[in-house]
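This report concerns only the one structure given below.
The values are calculated or read from the model by the stated rules, or taken from the named source; none is laboratory data. Just so we're clear, the structure is a prediction, and the values are computed from it rather than from any experiment. Using ideal geometry, Cβ is built from the backbone for each residue, glycine included, and neighbour counts are taken over all protein chains shown.
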């Protein structure tokens, strides 16, 4: 386990180094001083090594300050979307794993742009349900902590459509990961051997198949976080949600490259961190199954 953990730490650090290099390149290429490109790149890398991403060209504050202001909204949106994605996608993944006829339907669903889904939910919430936008960007966590029913309802109405947009993208990713894992596990030779020993299908699936599928899901956790972050960017833009993804899009439009580089670094770190945590969880699950 120690060797595996060190290997995963090395992969994480290399990934973060690549993300830092990308952030430095974004800031260096857009630089306006008279230094050479190599000089600006070296300077940016030196500053980023100390986690200094510079100042925002729009707010004149630290790029970290701008990101920290928007970050809780995005994390809450991604968290709610991930929860909805698991609640919707997990049953679909298990139910549809042995039904090949649903393949064309799933391909159609994957081809439907998240932007179109967000626009449809925007129209439904504003025109169909006549929900107010007064609480737009309100924190559901803070509303729940307050215990005020009015604030909770307002926050739920505000976050419902953006979270559902992210959740539907996450649901497709969840069911895809589960169906892929179950398809790979279905041809394992131990299944036939255990059936020959008299074990039933539900016993085999519960004792052996489910842990294998769960381990595969954890190991590919980064493939879930990535579509969640991408969908969050679309949802924040469509619903004008004041999150980090919306900050990134506005910073690109305003050529605020220091904030762009920092936001790219954060989203890359979020995905890499999910991959690292998922790989460690999958390994621990596999070792616990072996020990049992």
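Any chance the stretch 127-135 includes a residue that's surrounded by 11 or more Cβ atoms within 10 Å (Cβ to Cβ), at pLDDT 80 or above and not in a helix (DSSP H, G or I)? No - not one qualifying residue is present in the stretch 127-135.
Can you tell which of 92, 77, 71, 96 is surrounded by 15 or more Cβ atoms within 10 Å (Cβ to Cβ), modelled with pLDDT under 80, under 21 Å from residue 222 (Cα atoms) and outside the structural domain of residue 268 (by TED's automatic domain parsing)?
Residue meeting the stated conditions: 92.
So, residue 5, is that one at pLDDT below 85, in a helix (DSSP H, G or I) and within 17 Å of residue 274 (Cα to Cα) or not? Here the answer is yes, as residue 5 does meet what is asked. Scanning the stretch 237-292 for residues that are within 21 Å of the chain's Cα centre (by Cα) and assigned to a loop (DSSP other than H, G, I, E, B) returns 239, 240, 241, 242, 243.
Output yes when any residue across the stretch 22-42 is modelled with pLDDT of 80 or more, closer than 11 Å to residue 261 by Cα, under 27 Å from the mean Cα position of the chain (by Cα) and exposed (fewer than 15 other Cβ atoms within 10 Å of the Cβ), and no when none is. Yes. When the criteria are applied in full, residue 183 meets the requirement of being exposed (fewer than 13 other Cβ atoms within 10 Å of the Cβ) and modelled with pLDDT of 70 or more. With the structure loaded, tell me whether residue 260 is at pLDDT 85 or above and more than 21 Å from residue 80 (Cα to Cα) or whether it fails that test. Yes: the conditions hold for residue 260.
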